[in-house]
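See below for the structure under consideration.
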Ligand SMILES: [Fe+2]
Ligand SMILES: [Fe+2]
């Protein structure tokens, strides 16, 4: 290989100094909690019981449940490349070790959410590794755009991401309430417990770093949040607001079935309401820091 090419592609910075001083005890505390509350999908869920709990459901319902939990699995998986980029950035920027530790936990936790989700899909009608519609195949890979992420500071970008987790958490709570088979309920509960910690991380970041942001960055963070929301949740993954008409009909029917039978799903129309009210809460949360969240006419009206 051409030596000059190697010089261009190798980007490892000098890793030193590798900082080992605790700077943020509240973030370290999150790590301690994460360690104490760790679970793994294999042992935490009784998979044989889940099969038993669902064995009498009609095939169409099982199929709908599998589709729904496959979608959940893809979304959880989507958080891991995002996390990997943040880890890389934390190393490059010589951030304190508790930040790297938190990001590592975050990746690990999203992966176990992924595992729990695909295994539920598998236990119902079979996990689907690929979205059925071309539309999903096209939009899902666009949810994480590193170009957007790197325009923000590390802490600003992570805070935006956790605002987003707050919204997903609200949707997840509704799904937890919907879930009737005890093992699906259990999975939702464990996932929610992790998400609560991810959201707490965002609150700590806002408290610690948002006071010092420039007006321009505050405006940008609000815009990035809205863009992310438009580009993912509203693009059909959860709320199906922007789905093409035919797919919207089919997906809505499948989700209605999954929700009616209490498989830990929510109906698209119900989701819009949850997103609107979560958005209101988030606006209030960030208002003290002067971060403006632009209106989203698709769901909030003009
Ligand atoms: Fe998750
Ligand atoms: Fe999360």
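Descriptive notes on the structure:
- Residue in the stretch 181-202 that is more than 20 Å from residue 86 (Cα to Cα), surrounded by fewer than 21 Cβ atoms within 10 Å (Cβ to Cβ), within 16 Å of ligand 1 (Cβ to nearest atom) and more than 18 Å from the chain's Cα centre (by Cα) present: yes
- Filtering the stretch 88-113 to residues that are within 14 Å of ligand 2 (Cβ to nearest atom) and either without any contact (Cβ under 8 Å) to a residue 12 or more places away in the chain or within 28 Å of residue 153 (Cβ to Cβ) (or both) leaves 102, 103, 104, 105, 106, 107, 108, 109, 110, 111, 113.
- Only one of the numbered conditions (1) crowded, with 18+ Cβ neighbours inside 10 Å; (2) more than 15 Å from ligand 1 (Cβ to nearest atom); (3) farther than 18 Å from residue 187 by Cβ is not met by residue 92, and that is (1).
- Apart from one condition, residue 133 fits all of (1) closer than 15 Å to residue 233 by Cβ; (2) in contact with a helix residue (DSSP H, G or I) (Cβ under 7 Å, 6 or more places away or on another chain); the exception is (1).
- Of the residues making up the stretch 114-144, those that are farther than 21 Å from residue 66 by Cβ, in contact (Cβ under 8 Å) with a residue 24 or more places away in the chain and more than 14 Å from ligand 2 (Cβ to nearest atom) number 1.
- Test: residue in the stretch 34-53 that is closer than 21 Å to residue 162 by Cα, assigned to a helix (DSSP H, G or I), touching a helix residue (DSSP H, G or I) at 6+ places or on another chain (Cβ under 8 Å) and within 16 Å of ligand 2 (Cβ to nearest atom): yes
- Some residue of the stretch 146-153 being under 30 Å from residue 244 (Cα atoms), within 15 Å of ligand 1 (Cβ to nearest atom) and in contact (Cβ under 8 Å) with a residue 12 or more places away in the chain: no
Each value in this text was obtained by applying a stated rule to the coordinates, not by laboratory testing. These figures come from a predicted structure and were not determined experimentally. Because the Cβ atoms are built from the backbone with ideal geometry, glycine has one as well, and the counts that use them run over all protein chains shown.
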